Amino acid sequence: MNILYRKYFLSEIKDEQGYTLLTVLVFMIIIMLILLCLIEYVHVQYRFILKDSHQVQADYLAESGVAYFLNDIDKYFEQIQFNPTQSFDCFYPIEQDTVYIQAMPWGGFIRVEVNAKYKSAFSRKQAMIGQGLTESMDNAIVLDNLDNPLIVTGETEITGNVAVGTRGVKSGNIKGIRFKGKRLVTGDIITKNRSQMSAINPQVSFEATKTMLDGLQSQPDKDPFNAGSVIDEERLPSCLIFEDDFEFTDWSLLDSTKACTVVTTGSLLVGPDLDLPRQSMLVAADTLILKNCNLDQALIYGKKQIQVSGNVCGNAQFLSDEQIIVKNGVTLCWPSILYVNREVPNAQPFEAIKLEGGTSVRGAVVLYTSEKTNKNVMNLCRIKVEKFATMHGLLYTNLSADMGGELTGHASVSSFYLYYSPTHYINYLLDARIDRNGLDPEFPIPVRIGEEPTYRIINWQNL
């Protein structure tokens, strides 16, 4: 009996030891699987963190590339002035990292694209470069014509300092219309015997842009659907070139998600009801007409004339050799620029840039000529800002300005011009409102104005 009991007891102990060993093995396997999962999880997380860290470094390198360009911007200006059809390309290595910089004129600004590589991470960024206001633009008005006083009439209001000739500021009378304000200027009147107006050098921005766009019209291949053989597809991924006049009303011809280029050797009508992709380019050898379009950093060049009408809104750079007309109801947002560089017509009034009543422009309006001619003739070629038209930013011309609307910002002009039938008045302001205090001191303007410009980044975009 005892022998049987001992055998049974010993067999029970062996069975229990077997179950225990099996249980321990199962638990060890489970723990090992958990540890393996944790190790894999930690490894994956580490890889993600490392990837994010590399991406941050690549983004930092791209931003550093723009800073590198700003430090070397004079080299860019020198290159672009002598060869405006070529972009500024720069490649530099930093140990195992590389940065590629490409810059090109974009109206009054400089467009900089940066490709950066850090180990396995890549970053592409784009920045627009403008410049800060010059010292003379702390004033509401800087007048280049020092021979005549600045004469205010009607309901003219000037808020801010005024830099004029030694004859100062006076009130006047036009056909019985007298000055109705309490003060000629709400600010200081600074009289000088030499001009305080900042000089402009448009060759490396506006004129370089026009030369670049003119080059698109002279391509030997005019097949509108096969422009890739003559145009850099990477820079102009979607391009149409048309001979003679063309009405562009259907965006389905192009990829609506990419920046596009439309070129015609005649006149070009764009619209109505089109949304132009960001940074699209429109080029016409004759007249370019925009109707009811939405714009986003567009570059628009009408060699003879640009007309903007209807419900056009957004921001763009408008360039012409002769005339730009912005009609009632158009809203051009910051940072829009209107630029005309033209020959001065002989002894006949001409509105080179016209803002009709009811228009709104935030940015810069620039009329320039490189000609040296009689001041009386130069006074006739002008910027005209009609009553009820509003501007926010910079008005600049080395010709004349007919200011009947409202400007929140700064005006640098050779002289003011006013025609009140049948008489021409020089340096007269009638019912104009100019308020310098309402302009942000950090407001960016086109590059290369003034002797020591301060360049700055206007905006960033990830590509």
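Some notes on this structure:
- Candidate residues 54, 410: accessible-area rank, largest first, probe 1.4 Å: 54, 410
- Residue 118 sits with roughly 40 Å² accessible to a 1.4 Å probe, with DNA, RNA and ligands left out of the calculation.
- For the pair residue 190 and residue 120, a Förster radius of 51 Å applied to the C-beta separation gives a FRET efficiency near 0.30, rounded to the nearest 0.05.
- Percent of beta bridges antiparallel (DSSP, region 318-462, rounded to nearest 5): 10 percent
- Per residue value of the accessible surface for region 371-463 (all protein chains in place, 1.4 Å probe), Å²: 42 Å²
- Along each principal axis, Cα extent of region 131-197, largest first, Å: 42, 23, 18
- Legend: calculated FRET efficiency, residue 155 to residue 75, from the Cβ-Cβ distance at R0 = 56 Å, rounded to 0.05, equals 0.65.
- Exposure of residue 456 as accessible area (Å², to 10), given a probe of 1.4 Å and all protein chains: 60 Å²
- As a fraction of the 1.4 Å probe accessible area of region 296-354, surface on carbon and sulfur atoms comes out at 43 percent.
- Cross-link check: pairs 291/327; 119/258; 304/354; 75/117; 210/304 evaluated at a Cα-Cα cut-off of 19 Å; pairs beyond the cut-off: 119/258; 75/117.
- Ordered from largest to smallest accessible area (heavy atoms of protein chains, 1.4 Å probe), the residues 206, 179 come out as 179, 206.
- Accessible area in the full protein assembly, largest first, 1.4 Å probe, for 214, 250: 250, 214
- Taking 0.36 nm per residue of sequence separation and removing the Cα-Cα distance, the residue 461/residue 178 pair yields an extension gain of 96.8 nm.
- Accessible area (Å², 1.4 Å probe, nearest 10) - residue 313: 40 Å²
- In terms of the mean number of neighbouring beta-carbon atoms within 10 Å, the peptides 187-193, 290-296 order highest first as 290-296, 187-193.
- Basic side chains Lys and Arg get +1 at the Cβ, acidic Asp and Glu get -1 at the Cβ, and with that the dipole of region 90-213 about its Cα centre reaches some 420 debye.
The values are calculated or read from the model by the stated rules, or taken from the named source; none is laboratory data. Here the structure is a predicted model, which means the values were calculated and not measured. Please note: Cβ atoms are built from the backbone with ideal geometry, for glycine as well, and neighbour counts cover all protein chains shown. Each accessible area value is taken on the protein alone, full model and side chains, heavy atoms only, with ligands, DNA and RNA left out. Shrake-Rupley method; radii C 1.70, N 1.55, O 1.52, S 1.80 Å.
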